[in-house]
Structures are given as structure tokens and as C-alpha cells.
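*Asks:* The structure's right below; bear with me while I get my questions together.
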Amino acid sequence: MSIKSPSQLSEIEELRQKLEEANDTLEAIRGGQVDAFVIKDGNGPRIYTLKSADQTYRVFIEKMIEGKAVIALTTDNAWVGFCYIEEWSHGEFVANSGLIVSPAFRKTGIAKQIKRRIFDLSRQKYPNSKIFGLTTGLAVMKINSDLGYEPVTYSELTQDETFWAGCKSCVNYDILMSKERKNCMCTAMLYDPKDHFAPEETTEDFKLRMLPGNHFFLHESQDVLLQILFRELHSIRNKQFGH
């Protein structure tokens, strides 16, 4: 067995990453998760859609006008990436869709930054809505998990027929329908704002009593604890009834 040099190991790792990215891209295309490609030529980056060009272009423009899109640019206005918000079930659910990153900026962490920005925008515009996604990509699952998404069953997602109709372009659509939309090849992930809240500090006055006994103070200081509770409850009662 030959021992590889550091440069050879580095080259192998780079090739492995490129192969992994290519496999993720192919899997996303097969799963109907790609709306468009960004290909850079002599005139700069261009968007090539996989659906109707008019439809995709119209969606981009509408989302920008509505303030429901995140567009990433460099300091000299070079196009980097894009993502937008879609609303389902009359606002009960929203999804962050159409994530596209220019090839020159992939593997730089920009996709995660765009996902964070569009997630924050979704929380701002739809504070009570559930944010969901369907994906087969491990990278997207990791980003979603970091944002607070959790794996769920399909029954917890929107039942909006318009959303599910969008799955018809996926090669796994027959599998989805044969299982009555209960599961498929994609992993369903959901962020429910009811499960995520910032604890509020009390504004009321409180008193702190330190009792000996560590975890067993209830047994070792029971009499002292009962006396304290009696005094405090008696004081509260007197304040309420004016005694």
C-alpha cells in the first residue's frame, strides 16, 4: 500500500466533495426540488429554469415586490443567491422555496446564510405560521435542523392541494400518491412557533430563601420550609383582604 502525500490527500478530499455535491444536485433534480440553474458564461451568471420560464420569472418578480424574497449580492452587485417565501393554507403554513446559489459561491456557507435570512423574514412576516419543507438533501436537513426544524410525518404538513400538485413533476410522485401522501422519499421537516418561545423574566417582586440540605432539603428542613410558606401565604392573604 502506497502512502499518499498531503497534496494527494487534499486533492482526493476535494474530488470527494465535488462528487458529493454532484450527487446531491442529481438527487435534488430527481426529487423535483430544483426550479432553476445558475450557469456562469462570458456574460456572467444566468438563470435557466426547469419549468416554464414565464412562470418562474413571474414568481421571482412577485416575491420581490411583495417583500417575500432574499437576494444575496456581492459589494460590487454580483449576483450570489436567492430564496423566497410561499404561503399555504391561508397562512397557517409557509415554506422557504427556490433556493439558488451561484456556482462560484457554493461551499462557502452562503446557502446557510440565505436560509437564515429567509427564515427570519418568514418569522417576521408570519409570526404564527408553521414553516415546513420537504427534502432529500442532507445539507438542507442540517441547515433546517440548526434553525429549529424537526422531522415530522406528512400529516403534520399543509393539506393545501395546490402545494401537493407541485409534486407532480417529481419522479417519486407515483410513490407519494400510492401511499396516500402519508410518506415518500423526502423527509418532512417543520418549525412550529408554539414549540419555540423566549422565556420572560418575572416583573413581580420575589424573595429568595436558601435552606440547608442540597437536593434533600425537603426532608432535612421540612419544618423550616413549612414555616416560611405559612408566613408568606399569610402575608399575601392580608394584603389581598386589607388586614
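The numbers here are math on the coordinates, done by the rules we state, and not lab data. Just so you know, these numbers come straight off a predicted model, no measurement behind them. Glycine also receives a Cβ, built like all others from the backbone with ideal geometry; neighbour counts cover every protein chain displayed.
*Asks:* Distance cut-off 30 Å, Cα to Cα: go down the list Lys115/Lys168; Lys18/Lys112; Lys68/Lys142; Lys18/Lys179 and report the pairs above it. All intermediate terms of the calculation are to be shown ahead of the outcome.
*Replies:* Details: Lys115/Lys168 25 Å; Lys18/Lys112 18 Å; Lys68/Lys142 23 Å; Lys18/Lys179 34 Å.
Violating the 30 Å Cα-Cα cut-off are Lys18/Lys179.
*Asks:* Evaluate the charge dipole of the range 203-243 about its Cα centre and quote only its size in Debye, nearest 20, assuming +1 on the Cβ of each Lys and Arg and -1 on the Cβ of each Asp and Glu.
*Replies:* Values: 5 positive and 5 negative charges, 33 e Å.
My answer is approximately 160 debye.
*Asks:* Using modelled backbone amide H atoms (1.01 Å from N, in-plane), which distant-in-sequence or interchain residues come within less than 5 Å of Gly81's amide H?
*Replies:* Under 5 Å from the amide H of Gly81: Ala72, Ser102.
*Asks:* May I ask you to evaluate 6.51 cos²θ - 1.76 cosθ + 1.60, the Karplus curve with θ = phi - 60°, for each residue of the range 164-170 and list the ³J(HN,Hα) values in order in whole Hz, giving x for glycine and proline?
*Replies:* 5, 5, x, 7, 4, 7, 7
*Asks:* Something else: Given the options Ile175, Asn144, Gln113, identify the residue whose Cα lies farthest towards the positive end of the charge dipole of the range 48-206 (+1 on Cβ of Lys, Arg; -1 on Cβ of Asp, Glu).
*Replies:* Of Ile175, Asn144, Gln113, it is Ile175.
*Asks:* For the pair Arg209/Phe230, report the inter-label distance in nm, with labels modelled 7 Å from Cα in the Cβ direction.
*Replies:* My value for the distance between the label points is 1.1 nm.
*Asks:* Let me ask something additional. Mind checking which of Leu225, Leu211, Gln240 is farthest towards the positive end of the range 203-243's charge dipole, using Cβ charges of +1 (Lys, Arg) and -1 (Asp, Glu) about the Cα centre?
*Replies:* Gln240
*Asks:* Where nothing but the Cβ of Lys and Arg (+1) and of Asp and Glu (-1) is charged, how large is the charge dipole of the range 96-212 around its Cα centre, in debye to the nearest 20? Don't skip to the answer; put the middle values down first.
*Replies:* Working: 17 positive and 14 negative charges, 118 e Å.
Dipole size: approximately 560 debye.
*Asks:* Per the Cauchy relation, a quarter of the hull surface: what is the mean projected area of the convex hull of the alpha carbons in the range 203-243, in nm²? Intermediate values should be presented prior to the final figure.
*Replies:* On the way: hull surface 14.9 nm².
So the mean shadow area of the Cα hull is 3.7 nm².
*Asks:* Then there's this: Using a/c under 1.5 as the rounded threshold, could you call the range 157-237 rounded, prolate or oblate? The axes a ≥ b ≥ c are square roots of the C-alpha gyration tensor eigenvalues, and prolate needs a/b larger than b/c, oblate otherwise.
*Replies:* Working: a/c = 5.45, a/b = 3.47, b/c = 1.57.
Prolate shape, in that a/c is at least 1.5 and a/b is the bigger ratio.
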